[in-house]
Amino acid sequence: MARTNWFTHAKLGMIVHWGIYSALERGEWVLNRERIPLKEYRAAAAQFTAARFNADEWADLAVAAGQKYLILTAKHHDGFCLWDTRTTDFKSPKVGPNRDIVAELITAFHRRGLKIGFFFSLADWSHPAYPTPYATDWPQTWRNDQDRATVVAYAMAQIQELTHNYGPIDLMWFDGAAPGMDAASWRAQEIIDLCRASNPDILVNNRLFLPGDFDALELHLHRPETQRPWETDYPMNDSWAWNPSDTNYKPLHVIWQRLLQANGQGGNLLLNVGPRGDGSIPQHEIELLHSLGARIRRVNYHAEELGYGPEAGHLRWLQGAMHTYKGNSLYLHLWYRNTDEVAYGSIKNKVLRATMCDDGRELPFTQDATGRVRIRTLSRTPRDHVGWCIRLDLDGPPEGFGVGHQDLNF
């Protein structure tokens, strides 16, 4: 489908969780999980200053990381809006930053040729007609049908603003809808039609209780059975929103693995960024994104339409490495190798050529009668944080040696 063409080639995007909860520093569900009174939570908007927020810096970071689109939490479940909505005063141009965050980011990202879309929560803990902000995880029923109709109409008015008032919008990323998690209750087709009224090419995810244009997964790295365009969002540590106590950041090679796994199955990796309440992005996240972008450029990753293909699970697992394949080419991603030589023994195929993806030079190698391949002179290419990537061109699709016992009792 022409509308989804850019999305299926994007491979890597950025999702940003940012709002009042960022200033409270305990996660985006803090209102719900701590049962914070709504009056107290609304007052906390003053701490969400965005004093160091710079939309151009965010867009430049996405470019440096190789990310092709942004998903911003224009409204999360707490109901706070990051644009100049007419539906409520609980919005960033009125309290906290006193800025239209959505407008600034649209300008910055589109100026750089990047796509932009909005995470929009249908659930709204701060709306008086919403059943309760404190359900675990969602209320099961509406108090009455009038409340349902009121909340749905309120959401539709906000969606119309986002998709009609800011020029071309590339994507709407719906989430958080309960109770009544069905298309009829939420007037889902009307919402999609509303989105496309002024943005005919806009993409809509599958979290509006209709298929939409693509499947939005969370943490999962396996292609959905629908075989449609898809993405999976993934935090760089264990938190979606800024939490200074969460220092469990994934090493670069793990993020690189996730990118390979998603892209190899035709999906995008949507990496999460959690800015502080002042709008500054944590330095470690900046460094990870810069390093990821450097890796992508180093191996010319985006030059290949489908990346390096799926993980070669039909072969044998590797220690300190991963292998992917595409056609008759096998890619060895070496995380921990520091020596001048690597031995590889998982394929029956004859190896025709070995090439260092990082700089394109051909590598000397030998292959003995058992199939063992020894590749040399690795150290002539400087090793970055992720190690090396080597392409083996084979005489056919990668073929393994089969498996042995499957029922070991451990």
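Data for the structure
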{"quantity": "Breaking point among (1) at pLDDT 95 or above; (2) among the small types (G, A, S); (3) not in a helix (DSSP H, G or I), for A149", "calculated": "(3)"}
{"quantity": "Matching residues in the range 47-70 - criterion: being assigned to a loop (DSSP other than H, G, I, E, B) and aromatic (F, W, Y)", "calculated": "F48, F53"}
{"quantity": "Yes/no for T107 being in the same structural domain as I192 (by TED's automatic domain parsing), in a loop (DSSP other than H, G, I, E, B) and either at pLDDT 95 or above or aromatic (F, W, Y) (or both)", "calculated": "no"}
{"quantity": "Count of residues meeting criterion [surrounded by 17 or more Cβ atoms within 10 Å (Cβ to Cβ), hydrophobic (A, V, I, L, M, F, W, C) and touching a helix residue (DSSP H, G or I) at 6+ places or on another chain (Cβ under 8 Å)] in the range 183-201", "calculated": "4"}
{"quantity": "Selection from the range 252-302 of residues that are under 22 Å from I71 (Cβ atoms) and assigned to a loop (DSSP other than H, G, I, E, B)", "calculated": "Q265, G266, G274, P275, R276, G277, D278, G279, S280, I281, P282"}
{"quantity": "Residues located in the range 202-226, provided they are surrounded by fewer than 13 Cβ atoms within 10 Å (Cβ to Cβ) and touching a residue at least 24 places away in the same chain (Cβ under 8 Å)", "calculated": "H222"}
{"quantity": "Selected residue (criterion: surrounded by the fewest Cβ atoms within 10 Å (Cβ to Cβ)) from residues of the range 247-263 that are in contact (Cβ under 8 Å) with a residue 40 or more places away in the chain and in contact with a Leu (Cβ under 8 Å, 6 or more places away or on another chain)", "calculated": "Q261"}
{"quantity": "Some residue of the range 138-146 being within 27 Å of the chain's Cα centre (by Cα) and either modelled with pLDDT under 95 or among the hydrophobic types (A, V, I, L, M, F, W, C) (or both)", "calculated": "yes"}
{"quantity": "Selection status of A62, more than 14 Å from I20 (Cβ to Cβ) and touching a residue at least 12 places away in the same chain (Cβ under 8 Å)", "calculated": "yes"}
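The values are calculated or read from the model by the stated rules, or taken from the named source; none is laboratory data. Just so we're clear, the structure is a prediction, and the values are computed from it rather than from any experiment. We place every Cβ from the backbone using ideal geometry, glycine too, and count neighbours over all the protein chains shown.
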